[in-house]
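Worksheet: the structure to be examined is printed underneath.
The values are calculated or read from the model by the stated rules, or taken from the named source; none is laboratory data. It should be emphasised that the depicted structure is a prediction, and the values quoted were computed from it without experimental measurement. Note: ideal-geometry Cβ built from the backbone for every residue, glycine included; neighbour counts use all protein chains shown. All accessible areas refer to the heavy atoms of the entire protein, side chains included, with ligands and DNA or RNA removed. Shrake-Rupley method; radii C 1.70, N 1.55, O 1.52, S 1.80 Å.
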Amino acid sequence: MKIIIAGAGIGGMALAALLRQRGATAELYERAPNFDHSGYMLGLYPVGARVFHGLDLMDDFVSASERMATYTVCNGHGEEIHTYELGPMLDQFGYSGGIMRGELLALLRRRCADVPLHFGTSVTDFDDSGDKVMVRLSDGTQNTCDLLVGADGIHSGIRQKLFGDDAPDHETGWGCWVWVVRNTSRPATAVREHWGAGRFLGVYPIKGGVGVVAAGPGRTVGPEVVGRDGHKVKEHFSALGPSVADLVGELPDDLGDTFWWKLSDHRSKDWVKGRVALLGDAACAFLPTAGVGASIALESAAVLDDELGRTDAHFLAGALARYEERRKARAEAFQTDSRKLASMMMIESVGMSWGRDQLMKFYTLDMLAKTIAQSLAKPI
């Protein structure tokens with residue numbers, strides 16, 4: 001069975017590595033010119049990280065990442081509300097760690113280095129004849145496959161071709177500036193978040209430093225308002241108090257290439273049609289609030305590979321139907337969790353923010369991450 005994967009992100013690269021491991025034929029097409037600007041930090045829970053065992057990459061992942069051991073929520077003045085020990089919930093199922101996205105992609109590429117990867121090339125159109133899929137590419141060439149996998153992100157062109165605008169993006173109205181701080185004296189394994197009124201700042205461990213996410217309403221702190229002026233962003237988030245001064249101070253005065261992430265997600269009505277399947281953010285995109293997007297992409301890639309490994313091109317329809325049945329509801333449950341967390345974090349009212357802080361004193365980790373906690377023991 002010949003497979004074309006549109007998108008060499010986490011889901012697409014993981015699928016290519018899993019397919020290569022059992023000798024299946026695949027090609028990757030990635031619209032980016034290279035992996036030089038492949039994103040910032042991300043966290044992986046055991047729901048996704050355990051896929052690395054099957055690829056013999058777990059030791060490499062542990063070496064390249066930083067363990068997430070504690071999770072602390074602070075109020076808008078930097079005062080600690082609650083600290084949660086992540087070990088009791090996670091360690092019985094596997095390792096959880098923070099890693100730079102580019103380093104994760106490099107690890108996965110090691111397991112499929114001989115799989116053709118065409119940078120600077122995207123799928124612009126395709127025709128599914130029922131027996132084959134003819135794919136048109138941005139470089140003017142064509143290719144043919146038995147299965148086309150759309151792993152081309154939240155604004156997937158594959159999805160739009162399949163289903164049109166099947167559902168609007170779930171917009172929060174917020175966005176975040178993202179940067180990395182190296183050589184910090186902050187605890188290496190601590191996740192720490194500051195929940196203020198109209199502002200949020202999170203600190204996440206990576207090897208040799210921390211990743212910082214500073215979020216607020218787009219109309220207040222987005223690039224359309226502040227332009228490239230880092231001073232305006234620093235002023236906004238300095239209101240969280242002196243405990244974040246070291247992090248805010250590392251934001252460039254000229255934002256330049258500093259990444260602005262518009263906080264929205266997407267839920268496709270369907271994941272499969274004919275000989276075309278969606279994977280990762282193309283199927284179900286996530287807000288970063290629960291930190292599960294990469295984990296779900298890895299898990300979905302493993303399930304798709306599992307189903308493809310027990311069929312051939314003639315019986316592909318049944319395998320793809322089972323893939324969607326196994327993944328769609330589970331991914332959407334995680335997505336719902338991330339949306340609920342977003343509604344707690346993204347509060348602009350000072351009064352509502354204060355009330356939320358009082359409530360958080362009594363929240364357990366299971367209450368905050370119910371789906372994550374319950375899903376760790378469930379089959380996929």
Problem - Condition check for VAL221: open to solvent by less than 70 Å² (accessible area, probe 1.4 Å) and touching a Leu at 6+ places or on another chain (Cβ under 8 Å) - result: no
Exercise for the section: Could you please find all residues in the stretch 128-159 being open to solvent by 60 Å² or more (accessible area, probe 1.4 Å) and either under 20 Å from the mean Cα position of the chain (by Cα) or aliphatic (A, V, I, L, M) (or both)? Expected result: HIS155
Completion exercise
Over the stretch 64-86, the set of residues over 20 Å from THR364 (Cα atoms) and either part of a strand (DSSP E or B) or free of Cβ contacts under 8 Å to residues at least 40 places away in the same chain (or both) is GLU66, ARG67
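Only residues that are open to solvent by 40 Å² or more (accessible area, probe 1.4 Å) and in contact with a helix residue (DSSP H, G or I) (Cβ under 8 Å, 6 or more places away or on another chain): list them for the stretch 173-183, please.
Within the stretch 173-183, the first condition is being open to solvent by 40 Å² or more (accessible area, probe 1.4 Å), and the residues that meet it are 173, 180, 182-183.
Listed by number, the list holds a single entry, GLY173.
Across the stretch 290-347, what is the total count of residues that are touching an Asp or Glu at 6+ places or on another chain (Cβ under 6 Å), assigned to a helix (DSSP H, G or I) and either open to solvent by 20 Å² or more (accessible area, probe 1.4 Å) or at pLDDT below 95 (or both)?
Filtering the stretch 290-347 for residues touching an Asp or Glu at 6+ places or on another chain (Cβ under 6 Å) gives 290, 313, 319, 322-323.
Right, trim to assigned to a helix (DSSP H, G or I) and you get 313, 319, 322-323.
Still in the running and either open to solvent by 20 Å² or more (accessible area, probe 1.4 Å) or at pLDDT below 95 (or both): 313, 322.
Number of matching residues: 2.
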Practice task
Find all pairs meeting these conditions: Cβ atoms under 9 angstrom apart; at least six residues apart or on different chains; first residue within the stretch 289-306 and free of Cβ contacts under 8 Å to residues at least 12 places away in the same chain; second residue buried (at least 24 other Cβ atoms within 10 Å of the Cβ).
Solution key: ASP306/LEU18
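Pick from THR141, THR172: which is touching a Leu at 6+ places or on another chain (Cβ under 7 Å), hydroxyl-bearing (Ser, Thr, Tyr) and either closer than 30 Å to GLY78 by Cβ or without any contact (Cβ under 8 Å) to a residue 12 or more places away in the chain (or both)? Step through it out loud before you land on a result.
On the way: THR141 fails: touching a Leu at 6+ places or on another chain (Cβ under 7 Å).
Of the residues listed, the single one that is touching a Leu at 6+ places or on another chain (Cβ under 7 Å), hydroxyl-bearing (Ser, Thr, Tyr) and either closer than 30 Å to GLY78 by Cβ or without any contact (Cβ under 8 Å) to a residue 12 or more places away in the chain (or both) is THR172.
Filter the stretch 277-286 down to residues that are more than 8 Å from the chain's Cα centre (by Cα) and either hydrophobic (A, V, I, L, M, F, W, C) or part of a loop (DSSP other than H, G, I, E, B) (or both) and give me whichever is nearest to LEU316 (Cα to Cα). Give the steps one after another, and end with the answer.
Taking the stretch 277-286 first, the residues more than 8 Å from the chain's Cα centre (by Cα) are 277-280, 282-284.
Narrowing further to those that are either hydrophobic (A, V, I, L, M, F, W, C) or part of a loop (DSSP other than H, G, I, E, B) (or both): 277-279, 282-284.
On the way: ALA277: 11, LEU278: 14, LEU279: 16, ALA282: 20, ALA283: 19, CYS284: 22 Å.
Selected residue: ALA277.
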Practice task
Kindly provide the set of residues from the stretch 19-41 that are among the aliphatic types (A, V, I, L, M), open to solvent by 10 Å² or more (accessible area, probe 1.4 Å) and in contact with a Gly (Cβ under 7 Å, 6 or more places away or on another chain), ordered by number.
Solution key: MET41
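Of the residues ALA197, ALA214, ALA151, which single one is touching a residue at least 40 places away in the same chain (Cβ under 8 Å), over 24 Å from ARG31 (Cα atoms) and aliphatic (A, V, I, L, M)?
Numbers: ALA214 fails: touching a residue at least 40 places away in the same chain (Cβ under 8 Å); ALA151 fails: over 24 Å from ARG31 (Cα atoms).
Only one candidate passes the filter, namely ALA197.
Take the residues of the stretch 96-121 that are of a type in the set (A, V, I, L, M) and closer than 16 Å to ALA32 by Cα: which is most open to solvent (accessible area, probe 1.4 Å)? Before you say what the answer is, go through the steps one by one.
Within the stretch 96-121, the subset of a type in the set (A, V, I, L, M) is 99-100, 104-108, 113, 115, 117.
Those left that are additionally closer than 16 Å to ALA32 by Cα: 105-106, 117.
Details: LEU105: 2, ALA106: 51, LEU117: 33 Å².
Filtering the stretch 96-121 for residues that are of a type in the set (A, V, I, L, M) and closer than 16 Å to ALA32 by Cα, the one most open to solvent (accessible area, probe 1.4 Å) comes out as ALA106.
So that you can scan it fast, the table gives a plain yes or no per residue for (1) open to solvent by 20 Å² or more (accessible area, probe 1.4 Å); (2) under 17 Å from LEU376 (Cβ atoms):
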{"residue": "PHE52", "(1), (2)": "no, yes"}
{"residue": "VAL62", "(1), (2)": "yes, no"}
{"residue": "SER65", "(1), (2)": "no, no"}
{"residue": "HIS77", "(1), (2)": "yes, no"}
{"residue": "THR83", "(1), (2)": "yes, no"}
{"residue": "MET89", "(1), (2)": "yes, yes"}
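Taking ALA215 as the residue in question, decide whether it is in contact with a Cys (Cβ under 6 Å, 6 or more places away or on another chain) and not acidic (Asp, Glu).
Working: in contact with a Cys (Cβ under 6 Å, 6 or more places away or on another chain): yes; not acidic (Asp, Glu): yes.
So ALA215 passes the test.
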Practice task
Please determine, by comparing only the residues of the stretch 251-269 that are under 24 Å from the mean Cα position of the chain (by Cα), closer than 16 Å to LYS232 by Cβ and not aromatic (Phe, Trp, Tyr), which one is most open to solvent (accessible area, probe 1.4 Å).
Solution key: GLY256
Handout entry: Within the stretch 246-276, tally of residues that are in a strand (DSSP E or B) and farther than 13 Å from VAL213 by Cα
Key = 7
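Does MET13 satisfy being touching a residue at least 40 places away in the same chain (Cβ under 8 Å), buried (at least 16 other Cβ atoms within 10 Å of the Cβ) and over 20 Å from VAL213 (Cβ atoms)? Please lay out each step first, then the result.
Details: touching a residue at least 40 places away in the same chain (Cβ under 8 Å): yes; buried (at least 16 other Cβ atoms within 10 Å of the Cβ): yes; over 20 Å from VAL213 (Cβ atoms): yes.
When the stated conditions are applied, MET13 passes them.
Is there a residue in the stretch 200-215 that is in a loop (DSSP other than H, G, I, E, B), within 13 Å of GLU348 (Cα to Cα) and among the small types (Gly, Ala, Ser)? If you could, list the steps in order and put the result at the bottom.
Residues of the stretch 200-215 that are in a loop (DSSP other than H, G, I, E, B), as a first pass: 207-208.
Subsequent filtering for residues that are within 13 Å of GLU348 (Cα to Cα) retains none.
Checking the stretch 200-215: not a single residue is in a loop (DSSP other than H, G, I, E, B), within 13 Å of GLU348 (Cα to Cα) and among the small types (Gly, Ala, Ser).
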Problem - Odd one out for ASP56, checked against (1) buried (at least 18 other Cβ atoms within 10 Å of the Cβ); (2) under 30 Å from CYS145 (Cα atoms) - result: (1)
Exercise for the section: Return the total of residues in the stretch 102-130 being under 20 Å from MET1 (Cα atoms) and in contact (Cβ under 8 Å) with a residue 12 or more places away in the chain. Expected result: 11
